[in-house]
Amino acid sequence: MDVGELLSYQPDRGAKRLREEDGGSAGGEEDSRGGKQQKGMSVRELSRLREAGIGAEGGMDMRDTDDLGGDKKKILEKLMDQDEEEPEAEPVDESSVKKMILTFEKRSYKNQELRIKFPDNPEKFMESELDLNDIIQEMHVIATMPDLYHLLVELNAVHSLLGLLTVVDLLQELTDIDTLHESEEGAEVLIDALLEVQVVALLVQNMERLDEQVKEEADGIYNTLAIIENMAEFRPGLCTEAAQQGLMQWLLKRIKAKMPFDANKLYCSEILAILLQNNDNTRELLGEMDGIDVLLQQLSVFKRHNPSTAEEQEMMENLFDALCSCLMLPANRDRFLRGEGLQLMNLMLREKKLSRTSAMKVLDHGMIGPEGADNCHKFVDILGLRTIFPLFMKTPKKMKKTGASEKEHEEHVCSIIASMLRNLKSQQRSRLLNKFTENDCEKVDRLMELHFKYLEAVQQADKRIEGEKHEMVRRGEILDDGMEDEFYLRRLDAGLFVLQLICYIMVEISNSGIPQLQQRVHQILNLRGGSVKVVRHIMREYAESIGDGKSDEFKEAERKRIMDLVDSF
């Protein structure tokens with residue numbers, strides 16, 4: 001250990017003081033964030049490393065020892081002597097962990113006492129600060145033994161740890177998702193103890209005190225977000241509680257802050273998307289905090305400009321995912337409409353930038369189901385039909401750049417048109433149907449082309465599945481409901497869902513009262529050897545699976561409506 005490392009130590013920011021003997025066991029192979037090991041780094045982690053610079057320790061300018069006061073010199077010499085004479089680390093077991101925790105409690109208490117006694121004289125508590133930092137570094141070894149986490153709780157160390165800003169990286173290691181899964185029992189005890197003291201509220205308060213202009217404090221925010229992500233992954237149920245303890249408000253504030261794009265903003269977008277997944281409580285909370293407007297404002301940047309880096313693109317996708325999640329809640333559809341979200345998405349579709357595919361996904365979420373009726377009517381009023389039908393007629397070639405597949409694009413377009421056919425009334429419905437009659441019914445021709453494309457894909461998948469079923473029966477295996485559900489999901493993935501949407505559009509336009517549309521559909525079916533029976537079978541299957549999560553009355557009414565359309569086809 002050289003003098004430079006000791007001298008660059010900043011006690012009140014919790015930077016690690018690496019030691020030669022126990023550096024490895026204390027997580028010495030960490031990256032510059034001080035948290036996770038560098039395994040399969042994500043875009044976000046690469047961004048963080050890039051900001052940290054090349055140096056693994058993010059070192060500060062070295063100062064000559066001669067510039068230091070006598071007291072500081074003595075402390076440093078004493079510490080260097082200790083390092084040289086340091087004995088071999090004793091084996092880690094329950095008793096040594098207990099001893100470690102009690103030592104931490106004593107040093108923490110002593111440090112607090114000296115800080116209160118000499119608030120304006122850091123030299124007086126510098127040695128206790130270094131001693132405290134040493135024991136915190138030693139405690140990193142506990143992160144490798146989750147079955148001993150209960151000792152942290154039993155000896156009340158959790159509360160003491162949360163009182164120190166310097167232990168964020170230790171908490172991150174303790175809650176590392178791989179470590180938590182090594183001992184479910186130990187992990188449950190630790191997470192319960194953290195939640196009991198409202199850990200998220202404490203972490204949010206800490207983040208509010210930090211200044212991101214200082215690198216170490218920006219790292220502290222990043223590591224804090226990692227703790228929250230680890231806990232949410234291990235126990236998804238805590239997302240509602242976390243959001244209500246100030247996290248949602250802090251994330252929205254940080255995302256809309258006028259600061260240059262960095263890894264922390266990327267991480268915030270990711271945590272926000274996680275909080276909103278399958279959770280109506282957090283979606284409602286975001287809506288009440290005007291979060292829909294915040295998301296639309298942040299996304300409006302990408303209306304005419306592509307993200308400048310892969311990291312910024314990932315953030316854009318996270319914000320789009322968050323917006324899609326929010327639109328699953330009917331109350332947020334109205335907020336989206338009032339916030340002119342439809343106009344923004346329509347502009348994105350026209351601009352042909354990277355945001356186009358995600359904008360279409362947002363429109364799909366905003367217009368689907370009876371709750372999307374107002375958005376469907378508004379979309380026609382803002383001339384959205386002029387934008388969506390060119391995308392229906394021709395799938396863009398540059399799909400790979402956006403990471404979307406051809407099937408995904410066609411699914412969203414067909415879903416938007418199907419939603420409009422379901423929801424539009426009077427004049428707007430007439431405008432939509434007139435689109436199908438334009439240019440000698442070219443849109444009907446395209447619809448039928450997609451029908452045969454996806455019908456073939458589904459038939460091939462059905463053949464493979466039937467073969468597997470015969471093989472299973474031959475081996476004497478039982479086809480239970482779980483297997484049947486898995487086979488159905490595979491059929492949907494092969495293109496059945498898109499095929500169902502296409503068939504729905506076919507029966508809707510055939511029952512529209514415009515004879516030429518019905519004639520064209522049947523003409524092409526006969527010409528290409530198609531069958532009305534096949535279309536009816538697909539629609540019956542669609543009617544059976546519709547309305548999951550809706551009321552029984554809605555399901556029944558919707559099934560009857562679809563079956564009436566099919567019978568008239």
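The values are calculated or read from the model by the stated rules, or taken from the named source; none is laboratory data. Keep in mind that this is a model prediction, so the values were computed, not measured. All Cβ positions, glycine included, derive from the backbone under ideal geometry; neighbour counts span all protein chains shown. Calculation scope for accessible area: heavy atoms of the full protein, side chains included, ligands and nucleic acids excluded. Shrake-Rupley method; radii C 1.70, N 1.55, O 1.52, S 1.80 Å.
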Return yes when residue 266 is open to solvent by less than 30 Å² (accessible area, probe 1.4 Å), within 13 Å of the chain's Cα centre (by Cα) and over 20 Å from residue 195 (Cα atoms) and no when it is not. yes
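Can you confirm whether residue 482 is of a type in the set (Gly, Ala, Ser) and either over 34 Å from the mean Cα position of the chain (by Cα) or under 26 Å from residue 412 (Cβ atoms) (or both)?
no
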Subset of segment 302-311, residues surrounded by 13 or more Cβ atoms within 10 Å (Cβ to Cβ) and over 20 Å from the mean Cα position of the chain (by Cα), comes to 303, 306
If you check 156, 121, which single one turns out to be more than 29 Å from the chain's Cα centre (by Cα), at positive phi and surrounded by fewer than 19 Cβ atoms within 10 Å (Cβ to Cβ)? 156
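Considering only segment 251-265, I want to know if a residue exists there that is aromatic (Phe, Trp, Tyr) and modelled with pLDDT of 95 or more. Full working, then the answer.
The first filter runs over segment 251-265 and keeps only residues aromatic (Phe, Trp, Tyr), leaving 261.
Among the residues that remain, those that are also modelled with pLDDT of 95 or more are: none.
Within segment 251-265 (the criterion being aromatic (Phe, Trp, Tyr) and modelled with pLDDT of 95 or more), the answer is no, since none of the residues qualifies.
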Give the residue that is farthest from residue 422 (Cα to Cα), with candidates limited to residues of segment 500-526 that are without any contact (Cβ under 8 Å) to a residue 40 or more places away in the chain and polar (S, T, N, Q). 526
List the residue pairs whose Cβ atoms are under 9 Å apart, where the first residue sits in segment 134-154 and is more than 13 Å from residue 193 (Cβ to Cβ) and of a type in the set (Ser, Thr, Tyr), the second is open to solvent by 40 Å² or more (accessible area, probe 1.4 Å) and not in a helix (DSSP H, G or I), and the two are 6 or more positions apart or on different chains. 144/25; 144/92
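Residues checked against (1) open to solvent by 50 Å² or more (accessible area, probe 1.4 Å); (2) under 38 Å from the mean Cα position of the chain (by Cα); (3) closer than 15 Å to residue 453 by Cα; (4) polar (S, T, N, Q):
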site	(1), (2), (3), (4)
487	no, yes, no, no
497	yes, yes, yes, no
508	no, yes, no, no
513	yes, no, no, no
517	no, no, no, no
528	yes, no, yes, no
532	no, no, no, no
538	no, yes, yes, no
552	yes, yes, no, no
Top-ranked residue in segment 163-220 [being among the charged types (D, E, K, R), under 22 Å from the mean Cα position of the chain (by Cα) and under 15 Å from residue 149 (Cβ atoms); ranked as most open to solvent (accessible area, probe 1.4 Å)]: 178
Subset of segment 318-337, residues touching a Gly at 6+ places or on another chain (Cβ under 9 Å), surrounded by 21 or more Cβ atoms within 10 Å (Cβ to Cβ) and more than 19 Å from residue 377 (Cβ to Cβ), comes to 322, 323, 326
Determine if segment 120-130 includes at least one residue that is under 21 Å from residue 193 (Cβ atoms) and either modelled with pLDDT of 80 or more or among the small types (Gly, Ala, Ser) (or both). no
Only one of these is within 22 Å of the chain's Cα centre (by Cα), of a type outside the set (Lys, Arg) and open to solvent by 20 Å² or more (accessible area, probe 1.4 Å): 340, 314, 351, 371. Name it. 314
Looking only at segment 498-547, filter to residues that are farther than 14 Å from residue 436 by Cβ and assigned to a loop (DSSP other than H, G, I, E, B); which one of those is modelled with the highest pLDDT? 528
So the check is Cβ under 6 Å with 6+ separation or different chains; which pairs have a first residue in segment 314-325 that's over 20 Å from residue 339 (Cα atoms) and a second one that's in a helix (DSSP H, G or I) and among the hydrophobic types (A, V, I, L, M, F, W, C)? 314/43; 315/266
Selected residue (criterion: farthest from residue 224 (Cα to Cα)) from residues of segment 157-199 that are in a loop (DSSP other than H, G, I, E, B) and either in contact with a Phe, Trp or Tyr (Cβ under 9 Å, 6 or more places away or on another chain) or at pLDDT 85 or above (or both): 183
If residue 223 satisfies all but one of (1) open to solvent by 30 Å² or more (accessible area, probe 1.4 Å); (2) farther than 26 Å from residue 324 by Cβ; (3) polar (S, T, N, Q), what's the number of the condition it fails? (1)
Test: residue 379 is within 23 Å of residue 255 (Cα to Cα) and aromatic (Phe, Trp, Tyr): no
Yes/no for residue 412 being closer than 30 Å to residue 514 by Cα and either open to solvent by 40 Å² or more (accessible area, probe 1.4 Å) or in a helix (DSSP H, G or I) (or both): yes
Using the structure shown, decide if residue 567 is at pLDDT below 85, open to solvent by 50 Å² or more (accessible area, probe 1.4 Å) and assigned to a helix (DSSP H, G or I). yes
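On the given criteria, is residue 209 of a type in the set (D, E, K, R) and modelled with pLDDT of 90 or more?
Against the criterion (of a type in the set (D, E, K, R) and modelled with pLDDT of 90 or more), residue 209 does not qualify.
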